Structures are given as C-alpha cells and as structure tokens.
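Okay, so here's the structure we're looking at.
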Amino acid sequence: MADAAAAPAGGPGVGGGAVGGPGVGDLLDLEVGRVAHGGHCVARADGRVVFVRHAIPGERVTAVVTEGGEGDRFLRADAVAVLDGSADRVPPPCPHAVPGGCGGCDLQHVAVPRQRTLKAEVVREQLARLAGLDLDVTVEPLPGSEDGLGWRTRVELALDPAGRPGLHRHRSHEVVPLDRCLIAAPEVLGTGVLERGWPGEQAVDVVVPSVGEPVVVTVPSGDADAPRVIERVDAQRLHADFELSARGFWQVHRAAAATLTDAVLDMVRPAAGERVLDLYAGVGLFAAALAEAVGEDGRVVAVESDRAAAAWAQSNLGRWPWAHVLAGRVDDAFGVARPARRGPAERRRTRPRRLHRHPLLPPSADVVVLDPTRTGAGRAVVEAIADLAPRAVGYVACDPAALARDTAYLAAGGYALTGLRAFDAFPMTHHVECVALFTPRT
C-alpha cells in the first residue's frame, strides 16, 4: 500500500465509524469515481456521496473523513493512502501539497497532462448538466508553464498568529507556514517574503509585474495606498501597457492576459466602425483591444463596478478616445433590479423588473464581451445582453458552473454556444479559464 500521507493516529479503522455512519476522523476504503467541480473526485460510502481530495478517478484509496457526519447528505474526505493507484499519479513536487497541508494546490499528485483532461471533463460535465450540451472540450496549456510550476505572478500570503507567512489549509482559516511555493514565480520567492515575519499585519501581497521590480504590499492597504504597477501586453492585435494598483485585479499567469485577449478577438472578430460593450471591464484590457479593432469610427463602452479599477481603465484607454468608461455595476447600468433575497422557486417564477438604464449604454451593440466574477453574470444581465441583439457575445469565464448557467440563459434568449476554448491558466489547481462565443441561433 502506497501512502498518500500519514493516516491520522487513533482512528476507528478502515470502514469504521460511529453508530449511524462514518464521521470526521473515520477511515473509509473507497472506489474513486468521476472528477467533480472543485478539486475533488466523487465516491460513495453507506449510500452517501463522498467528495475526495488527493485522489484520481479509477483509484481505490483509503480516505479520512474531514467533514460531515450522520444526517449530512455528503461527506468530505482526503485520500491518505493509495490501495490501487492510477498511472497518472505522481509524487507532489511540493511537500506542502498533501492531505492536511496547504490548500493552494489541488492536483499536484496528478501528471500535468492528466490535470488538463480532468479539467476538460469538469467543463464538459457542467455544460451537460446545467446547459444540456454535449461538447468535446480540450484544455490548452499556456506558454511558460509546461511543468505546471513557477507561473503565478500574484500571491496573497496569509499570516499565522506569530506573523509567519503561508497559505490556508483547505476549507480552513488555519495558516500553514511556508518556506516555499513552487507555483509562484521565482521573483516572488526572490523578495524574501517567506523568510521574515510580519507581526501585526493581516496578510502580505507579492506582485511581480511584467515591467519593473516585484512589489510587496501589506494588507490591509487600500488601492490608493498601494504602489502602481505596469503590465505590458504583447498580443497579436494589441501592444500596450496598463497601469493599475498593485492590489488591483490582473491575470496571475504570465501568459494569460495576451492569450485571452487573442482568444476573445479571434472569436468575436470586431470590425471597423462597430459598437461594442465590454462588461466587467477591470482596468481596460479587453476594451483596449476592442477599441484598437473598431477604430475611431467605432465605439466601445466599458462597464466596471470597482471605482478604482474604472479610474485606471479611463487612464489606460486614453489613446483610444472612442472608448468610454462607465463606473458602476453592470446590472445597474442595464437598469436591471438586483434580485431580492428569495427562495429558489420564487426566483425561478419572478422575472427581474427593469429600471432606468444608463444613458451611456447604447440601445444595441454589434459585439458584447463580458468577463464576470466567479458567480457569473446571472439571468437578468444575460437577458439584457440578448436584448441588445449583438451578432457575437464573447464570454470569459473563470468558473465552468457559472459559464454553464449563463449558457442556458443565453440559449433561452436565442443565442447558441458556437465556440469554446479552455486554458490551463492555473496549473496544479482545479481552476480553468474558458472563452466562449455565442451567436444568434438561426
């Protein structure tokens, strides 16, 4: 039997558990099934679903229950020993990427090519379950991270009570102090941030911009208090520098900004003179590329709710005066009432009411690009997008479940998913970035 990690001492034994079913600390022998969204696989014990981390589909493992007990619909568990292993199992390169260790990486025990097929299976399953689609999905690697290490240019480190930097355990506020982080860019470690203590601080951000030296910022620091950084994008159709706060949002993989920009433009193909919306625009990355494509006879409206990011976008878009920035929530800009707190059944029955839309938003658009947060755009915003009757909608998604839900809403609004690319922008973790194209159904 190969150990995945040391099993906890004093457990009730394999297959044991308190009367009424297994509980926290119990050991279970499990046949591991399909991969699920969230960095775990699905197994069953005593008729209940068990979400197992540090396992691979097809394996037989011994797992320790970490959450759940009698009366719960499902359990969570960690594979602590491998009874029948997968050919895709590898030793985790980081000693912290083990059961009970750092929660930052979910998949270091899986060979990198297999990581990508697992992520593809998750995207495909979410689209099938939530949008009724059966699609082949391939997750593409990004340049510069073939081995899955050294890619992350932005790291927020938590601090333990003694001020030692580290990352949280999975689903825990407990901090695991680190002496290394193998997915971090080497420049992150070169700052010496892990070698010193940070007493009295809440957290520490380390940013390695594409232009200039790394920046270390203690938290809490507001956007105005943090230094500015410059990110240079050298995409096929956009060569530009973007200024933003060191604590502002930017893609964490070195190659992600250029790759996603090219993917979006390849899909929506903005043409000279067209009218384009860029929703959840951040500091203006996609808006700049779209403005470059439509030219001075076109128009781009970028909508961003974070006031500081919107201000940076206004500055970054200065060389394209036909690009305008609207600082506000996307649902407010469309005049869509935010949903009240209601139960699921009532939410399904009630169509969101429309309020006054922002005058800067055009009544129609040729192209809409959106890059929402992990929760997705939601039905009301998607309906408002469909009402604009764009010829193309480009959707950048960091969560496949949210993408699938919004895909179903777009389908109800007359739009079909006609293009999909997925990128391994977060190697060693369960996260995946998708770019989807929607066009009017004919």
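The values are calculated or read from the model by the stated rules, or taken from the named source; none is laboratory data. On a predicted model such as this, the values are computed, not experimentally measured, just so you know. All Cβ positions, glycine included, derive from the backbone under ideal geometry; neighbour counts span all protein chains shown. Side chains included, ligands, DNA and RNA excluded: accessible areas come from the protein's heavy atoms. Shrake-Rupley method; radii C 1.70, N 1.55, O 1.52, S 1.80 Å.
Candidates Gly100, Gly144, Gly104, Gly148: the one that is in a loop (DSSP other than H, G, I, E, B), small (Gly, Ala, Ser) and closer than 30 Å to Phe438 by Cα is Gly144. If you scan the range 358-373, which residues turn out to be part of a loop (DSSP other than H, G, I, E, B) and either closer than 20 Å to Asp266 by Cβ or of a type in the set (Ser, Thr, Tyr) (or both)? Selection gives Ser364, Ala365, Asp366, Asp371, Thr373. Taken over the range 177-207, the criterion of being out of contact with any Cys (no Cβ under 9 Å at 6 or more places or on another chain), in a loop (DSSP other than H, G, I, E, B) and either at pLDDT below 95 or closer than 20 Å to Leu159 by Cβ (or both) is satisfied by Asp179, Thr191, Gly192, Arg196, Gly197, Trp198, Pro199, Gly200, Glu201, Gln202. Every test in (1) at pLDDT 95 or above; (2) open to solvent by less than 60 Å² (accessible area, probe 1.4 Å); (3) within 30 Å of Ala128 (Cβ to Cβ) is passed by Arg379 save one, and that test is (2).
Condition check ((1) open to solvent by 50 Å² or more (accessible area, probe 1.4 Å); (2) among the acidic types (Asp, Glu); (3) at pLDDT 95 or above; (4) in a loop (DSSP other than H, G, I, E, B)) across all residues:
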{"site": "Cys94", "(1), (2), (3), (4)": "no, no, yes, yes"}
{"site": "Gln115", "(1), (2), (3), (4)": "no, no, yes, no"}
{"site": "Arg124", "(1), (2), (3), (4)": "yes, no, yes, no"}
{"site": "Asp134", "(1), (2), (3), (4)": "yes, yes, yes, yes"}
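Figure legend. Inter-residue proximity from the range 139-161: first residues without any contact (Cβ under 8 Å) to a residue 60 or more places away in the chain, second residues among the aromatic types (Phe, Trp, Tyr), beta-carbon distance below 8 Å, spacing 6+ or different chains. Indicated pairs: Leu159/Trp198. Among the strands (runs of 3 or more DSSP E) confined to the range 382-442, the ones with at least 2 residues that are among the β-branched types (Val, Ile, Thr) and in contact (Cβ under 8 Å) with a residue 12 or more places away in the chain are located at 392-397, 433-440. Looking across the range 136-150 at every residue that is within 18 Å of Gln108 (Cα to Cα) and aliphatic (A, V, I, L, M), the one that is most open to solvent (accessible area, probe 1.4 Å) is identified as Leu149.
Each residue in the range 65-90 was checked for being among the β-branched types (Val, Ile, Thr) and either open to solvent by less than 20 Å² (accessible area, probe 1.4 Å) or modelled with pLDDT under 95 (or both), and 3 pass. Residues that are closer than 26 Å to Leu149 by Cβ and open to solvent by 80 Å² or more (accessible area, probe 1.4 Å) within the range 211-222 comprise just one, Glu213. Criterion first (over 30 Å from Arg76 (Cβ atoms), open to solvent by 50 Å² or more (accessible area, probe 1.4 Å) and modelled with pLDDT of 95 or more) does Asp225 satisfy it? Here the answer is no, as Asp225 does not meet what is asked. If you go through the range 151-168 one residue at a time, how many are assigned to a strand (DSSP E or B) and buried (at least 17 other Cβ atoms within 10 Å of the Cβ)? Residues in the range 151-168 being assigned to a strand (DSSP E or B) and buried (at least 17 other Cβ atoms within 10 Å of the Cβ): 9 in total.
Restricted to the range 232-332, the set of strands (runs of 3 or more DSSP E) holding at least 2 residues that are open to solvent by less than 10 Å² (accessible area, probe 1.4 Å) and either within 30 Å of Val217 (Cα to Cα) or out of contact with any strand residue (DSSP E or B) (no Cβ under 8 Å at 6 or more places or on another chain) (or both) comprises 239-245, 275-279, 299-304.
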